[in-house]
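The values are calculated or read from the model by the stated rules, or taken from the named source; none is laboratory data. Keep in mind that this is a model prediction, so the values were computed, not measured. Quick reminder, even Gly has a Cβ in these numbers, built from the backbone with ideal geometry, and neighbours come from all protein chains shown.
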Amino acid sequence: MILIHCPYCDDIRPELEFAYAGEAHIARPADPSALSDAEWEKYLFIRANPRGRHNERWRHVHGCGRFFNAVRDTVTDKFELTYKAGEPRK
Amino acid sequence: MSAHRIANACRLNGAATVNFTFDGKPYQGKAGDSLASALLANGVVLMGRSFKYHRPRGLLGAGAEEPNALVSVDRGGGRFTPNLRATAVEIHEGLDARSQNRWPSLETDFGSINDRLGRFFPAGFYNKTFMWPRSFWEKLYEPSIRRMAGLGDAPSDPDPDVYDATYAHCDVLIVGAGPAGIDAALAASASKKKVFLIDEQDELGGGALADPALWGWLAESLKDLARLPNVTLLPRTTAFGYYHDNFIGAVERLTDHLPDPGHQAREKLWRIRAGEVVLAQGAIERPLVFEGNDVPGVMLAGAARTYLHRFGVAVGSRVALMATHDSGWKDLFALARAGVGVAVIVDLRESVDPALLAEAAELGLRVELGSAVIGVSGRLAVTGIEIARADGSGRHKLACDAVLMAGGWTPSVHLWSHSLGKLEWSEEWGAYLPGKANENVRCVGACGGNWSFGSGVHVGQLPTPKNPALLKAFVDFQNDVTAKDIALAIREGMKSVEHIKRYTTNGMATDQGKTSNLNALQLASSALDRPVQAIGLTTFRPPYTPQTFGALAGHAKDALFQPTRKSPIDSWAEAQGAVFEPVAQWRRARYFPRTGEDMHAAVNRECLAVREGVGIFDASTLGKIEVVGPDAAEFLNRMYTNPWKQLEPGRCRYGLLLREDGFITDDGVSARMAPDRFHLTTTTGGAARVLNMMEDYLQTEWPDLNVWLTSTTEQYAVIALQGPKTREVIAPLVEGIDLSSDAFPHMAVREGTICGVPTRLFRVSFTGELGFEINVPAAYGLHVWKQVWEAGQAHGITPYGTETMHVLRAEKGFIIVGQDTDGTVTPYDAGLDWAVGKKKPDFVGKRSLARPDIVASGRKQLVGLLTDDPNEVLIEGAQIVADPKQAIPMTMIGHVTSSYWSATLGRSIAMALVAGGFDRMGETLHIPSASGKTHTAKVVKPMFYDAEGSRLNG
C-alpha cells in the first residue's frame, strides 16, 4: 500500500485514505460552446497516458477531502511529489 | 523407535512421542517433527500422486519449496485444509492427514493410467485436443478434465475458524531467521531500533538447524534476542507479499500445530510497515533433470541433511548422490558420518576439489566422476539407479534406496521481486541475484548471493544415451512438466520464457516454480542456443507460499463483510415483518406482506392503498446535500441542466445532473430554503458520487465560488406520505404551516414543526398522488413515524416498500437513474427536454449535447410499452426486435428497462430504451423470451396514469 503525502494536511498517509481522480492540469474551458467538436473531444477524452512521469489528481477523500496534484511514475508506481490544486505543473 | 531414526546429533533427542494418522493408518512421531519427517521415520516414502500423470511421488525437499508431498488435514468440525506441504505441517497428537489426487488408494491409483498414456498428453495437449466440436467442451471435456485433474478437494463446509488481523510498524523487518537473519537482527537491535524477526518455520534457525556446529551459537543468539524488549520474534509467520513503501503482508499460524486450538484465532494477518526491510530468505537447492528423478526416494541433498540433523531421520539405508555441485558431497559426508550407508557418489564433473575426494576416500565412499544417473528403478520407492559416463559409455546399475540430487542453489528472491527490485544474472550461481533495489531493502546471506555453498556447474538436463523422446525427466514436479515438454514447446515456436511457461505450465503450480524455473530456463537456453539472460524471466508474485482465504478475509465475512446501512425506521419495518432488499449499502423495506401474501399480492394491495387512501414510505436513504453560501444558486445553475437562479425560497425543483459527456448521472428534487441555502436530494446510490463530483468542480474548476457542501444524508429521516388522504393524516400533527393547496402548492417546501419536532416539510410526489415528505432530525425519525402511523390508522394508512414505489413511479413514467438510464442516455434520449435550460449559456455536460453522436438520429430513446396481452409482464432486460422472423442472431433494437404489473390499471406496463423510439409511437415491437415465446407490445408514451397531473396538484 502506497504512502501519499497530502499537501493540505502536510502528512504522509496510507493510500486507503485517497482516491485517484485522473490526469491533472486539464482545465475546463471557460466557454465550452466556443469549442469545435474536435477541441471538445480533446478536452473530454484525450489523455496523455505516459510511461513514466505523470501529473495526476488525487483526493484525500477519507481525510481533509481536498483535491490535489501529484507526480507519479507509472512504471515504478512511486510518487515523486504532491502539490496543491491551482499550483503550476511540476 | 524405528530403523530410520538416528539417535545421535539430532535436535529431537528426548522429545515426547506423538500419535497421528496418515490415510487413516496410525503412526508415531516425535514432538517437533514435521509430517514429512515423521512419515520418513516410519519408512513411508510414498506421499502423493502427481497432478497430471498420477505418478507416485515422495518428498523432494524439506521446506517451503516442496512440490510433491501435498496433503489434506482434517481438524474436524468442517476444519478441512487441502494442499498443505507435508514439510510445513507440524505433527500433533491426533493429527489426521490424508494423501490426495488418488483413487482408490495412494498405492493403487487408477489415474496412473495417464502415466502409461503420457506420450498422448504432451505440452499444449489441452489447447490442441479439446478444440472441437465446440459443444463438447462444456458437456464432456471440461467436466472430465476437472474430475481427473486438480489436487486436493475443496472444503465443503463453511470455515468455522476465527482469524485475527493486526497492523504493526517497525524500524527494521527481517524476513528469515537463518544465520544471516539472526546476525542482522542482533546488529539492528544494538542500535535500539524496533526490530521484527519473522520466519515461516516453527523453530527459528533456518539452515543452522541442519548444522550441529552452529547449534551452540544459535541457542545463545536466540536467548539474547528474546531478552531484548525492542525485538519481536515471530516464528510460524510467513511473509507472503512485499508491497509498496515497505508494506509487508505476513500470516502467523497460531493453532494448527495444537491438538486442541481452544477458542483462539487460527491465524493472524500481520500488515507491517517497516522503515527498512532485510531479506534473509536463503536459497533453495536445485534438482537435476534425469530419467526417473521423481521416483519416491529421489530428493534434494540438503533436504536429506535437514532430515538427519534436525529430525534425526535417515532418508535411506543405502544412499546414492548425483551431484554437479560441491554442497551435495558435504551433505552426503554428514550422512555417512552419522552411520548411513552410501552406495555411490556420482558427479558430472571430470574433476572436483581434491579435498572432497580425500574425505570421500577417508570415509571409504565409491566415487564416479564425469558420470550421470541415467535411470532410476522402482515405482513406489527407489530400488536402484543406472549410471553412465557423460559420453554414454560404461552403463551399469547399482542398488540403493535413496538418491540425493545436488544441482546447485537458487537464491530465494521472491519477496525481492515483489518489491520490484532488479535482478542480475550470476554465472557463478547460475541464477538471478538481487541487483538495484526499488525500496529501502537489502538482501543478506544466501538470498543476496553472500553465502558459500561451494562451487559447481549448472546443466539443464544430465547427458543420457537414451532416446530423448521417450524420457520422463521432470523439470516441474508439481505440474508434471518434463524436459521433453519444454523441448516440444520450443520446437513449436515458443521462444520467450513467458510463452514456454504458459504452453507447458512450467512454474504455474502452487509452488510457483521454486524448484523448476531455473532448470526450465537452462533447458530453453540450450535448446535455443541463446544465453539464459536472453530468454527472459517470469515474475514472482505474491503470495510467496499459498495462504488461506480465512487469513486474508479476517473479520470481513458474513455480517461484517460490508457495513449494512439502516435507516432510523428500520427496526419498525422489521417488527412489521417487512421483506428487505439491499440498495447500495442500505437495506430497505421492499414490501410489507400480510399473512399469506406473496410479493405480488402485497404490492398490488400497497399500490391501491396509495392511489385510493394514504401510504407511508421510508425515504430516509435518499442522498442529501446542504449547499450553503452566497454563490450557492450560481453553483447549482452551473451543475444542473435547468435554471436555478430564479427559484424562489420555499420552492422545489427537479434537478437533472449530467456528466461532462452529456449523459445523465443523477437526479433529485431540491429545495431553496433561503437565498443562500439549498436542500439537495440525490438518488440513494448516487449520494457519495454526486458530492464527490460537486466538490471536484467547486475545488478545482470554480474555486472562486463561495459555497460549502455538506452531506446531510444521515442527519434526516425522511417520511414520505402519499395518497389523496395525506393531508388529513398530517394536519393535526403539523404546527406553523398552512397545508392548504393555495398556501402550500406542489413542489414547495415549508419549515415548521410536526409532533413537536422541527421539520422541513416538502410537498413532492414520486407517485403522482398528493404527497408530502417529512424531513426531521434522524434521532426523532422513529418517534415522528410512529405518531404519523397512529394518526393514519383512522384513514387506513398502509406502509409500502421500494417495490410499490417502483410500480407507482413507473405508472407516471418517472425514471430511475441507473435502471431506465445506463450511462449512455442523454436528457433528450430520456424525454426530459423540459428539464434542460436551453437559454443557459453553460452547465456541466451542455457542450456534449451538441456532439455529432448525440444529435444523430437512431439513438435509443425511452418509451413506454403496452403488451398486446395485458396479462403478460415482460422481463426487465429483455431484448427487443422489430422483426421476429429474422434469422438468429437477430438485430436487437433495444431492451426493456422497467416492467411491472399495475394493479391500478389492471394490466402490465413497461418502459424501454428503443432505437428511434420517439418515432415509433403506435408501432408493434417483438420481445423474444428464453421460453421460446415471442411477446408483442405497442410503443406508447411512458405515461400510463393521470397524464394531466390533476391528482398531485389536488
I need the full set of residues from segment A:8-19 which are touching a strand residue (DSSP E or B) at 6+ places or on another chain (Cβ under 9 Å) and either part of a strand (DSSP E or B) or exposed (fewer than 14 other Cβ atoms within 10 Å of the Cβ) (or both), in order please. A:Asp11, A:Ile12, A:Arg13, A:Pro14, A:Ala19
Those residues that are of a type in the set (A, V, I, L, M), in a loop (DSSP other than H, G, I, E, B) and touching a residue at least 60 places away in the same chain (Cβ under 8 Å), I need them from segment B:32-67; list them, please. B:Val45, B:Leu46, B:Met47, B:Leu59, B:Leu60, B:Ala62, B:Ala64
Candidate set from segment A:36-63 (those that are of a type in the set (A, V, I, L, M, F, W, C) and surrounded by 15 or more Cβ atoms within 10 Å (Cβ to Cβ)); member that is farthest from the chain's Cα centre (by Cα): A:Trp40
Does any residue of segment B:748-761 turn out to be away from chain A (no Cβ under 14 Å), of a type in the set (S, T, N, Q) and within 24 Å of B:Thr798 (Cβ to Cβ)? yes
Quick one: which residue in B:Leu705, B:Leu739, B:Leu691 is among the hydrophobic types (A, V, I, L, M, F, W, C), part of a loop (DSSP other than H, G, I, E, B) and under 30 Å from A:His25 (Cβ atoms)? B:Leu705
Taking the criterion of being in a strand (DSSP E or B) and either within 11 Å of another protein chain (Cβ to nearest Cβ) or not hydroxyl-bearing (Ser, Thr, Tyr) (or both), would at least one residue in segment A:36-54 satisfy it? yes
Evaluation of B:Lys193 against (1) modelled with pLDDT under 80; (2) assigned to a loop (DSSP other than H, G, I, E, B); (3) over 30 Å from B:Leu39 (Cα atoms) (one fails), failing number: (1)
Which count do you get for residues in segment B:314-335 that are aliphatic (A, V, I, L, M) and surrounded by fewer than 20 Cβ atoms within 10 Å (Cβ to Cβ)? 1
Mind checking which residues of segment B:838-851 are crowded, with 19+ Cβ neighbours inside 10 Å, among the charged types (D, E, K, R) and in a loop (DSSP other than H, G, I, E, B)? B:Lys846
Only one of B:Ala388, B:Ala399, B:Ala406, B:Ala381 is closer than 17 Å to B:Val295 by Cα, more than 14 Å from chain A (Cβ to nearest Cβ), in contact (Cβ under 8 Å) with a residue 60 or more places away in the chain and buried (at least 21 other Cβ atoms within 10 Å of the Cβ), namely B:Ala406
Counting only residues in segment B:629-653 that are assigned to a strand (DSSP E or B) and buried (at least 17 other Cβ atoms within 10 Å of the Cβ), the one nearest to the other protein chains (Cβ to nearest Cβ) is identified as B:Tyr640
How many residues does segment B:658-714 contain that are of a type outside the set (A, V, I, L, M), closer than 29 Å to B:Tyr828 by Cβ and away from chain A (no Cβ under 14 Å)? 14
Cβ contacts < 8 Å: first residue within 26 Å of B:Met911 (Cα to Cα), restricted to segment B:831-853; second residue of a type in the set (Asp, Glu) and crowded, with 17+ Cβ neighbours inside 10 Å, any location; separation 6+ or different chain. Result? B:Gly845/B:Glu660; B:Gly845/B:Asp661; B:Ser848/B:Glu660; B:Ser848/B:Asp661
Take B:Asp256 and tell me if it is away from chain A (no Cβ under 14 Å), touching a Gly at 6+ places or on another chain (Cβ under 9 Å) and of a type in the set (D, E, K, R). no
In segment B:231-249, anything within 14 Å of chain A (Cβ to nearest Cβ) and assigned to a strand (DSSP E or B) is listed as B:Gly241, B:Tyr242, B:Tyr243, B:Phe247, B:Ile248, B:Gly249
Only one of these conditions is not met by B:Pro179: (1) away from every other protein chain (no Cβ under 14 Å); (2) over 17 Å from B:Ala446 (Cα atoms); (3) not small (Gly, Ala, Ser). Which number is it? (2)
In segment A:20-35, anything more than 8 Å from every other protein chain (Cβ to nearest Cβ), small (Gly, Ala, Ser) and surrounded by 14 or more Cβ atoms within 10 Å (Cβ to Cβ) is listed as A:Ala24
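Results for (1) at pLDDT 65 or above; (2) more than 17 Å from B:Asp23 (Cβ to Cβ), shown as yes or no for each residue.
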{"site": "B:Val89", "(1), (2)": "yes, no"}
{"site": "B:Ile113", "(1), (2)": "yes, yes"}
{"site": "B:Tyr126", "(1), (2)": "no, yes"}
{"site": "B:Phe136", "(1), (2)": "yes, yes"}
{"site": "B:Ala149", "(1), (2)": "no, yes"}
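Conditions tested, residue by residue: (1) among the small types (Gly, Ala, Ser); (2) assigned to a strand (DSSP E or B); (3) over 28 Å from B:Met694 (Cα atoms); (4) within 14 Å of chain A (Cβ to nearest Cβ).
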| site | (1), (2), (3), (4) |
| --- | --- |
| B:Asp853 | no, no, no, yes |
| B:Ser857 | yes, no, yes, no |
| B:Gln861 | no, yes, no, no |
| B:Gly864 | yes, yes, yes, no |
| B:Glu872 | no, no, yes, no |
| B:Ile875 | no, no, yes, no |
| B:Gln886 | no, no, yes, no |
| B:Pro889 | no, no, yes, no |
Take B:Ala720 and tell me if it is out of contact with any Lys or Arg (no Cβ under 8 Å at 6 or more places or on another chain), within 14 Å of another protein chain (Cβ to nearest Cβ) and of a type in the set (Gly, Ala, Ser). no
Condition set within 12 Å of chain B (Cβ to nearest Cβ) and either among the aliphatic types (A, V, I, L, M) or not in a loop (DSSP other than H, G, I, E, B) (or both), scope segment A:69-90, selection nearest to A:Ala19 (Cα to Cα): answer is A:Asn69
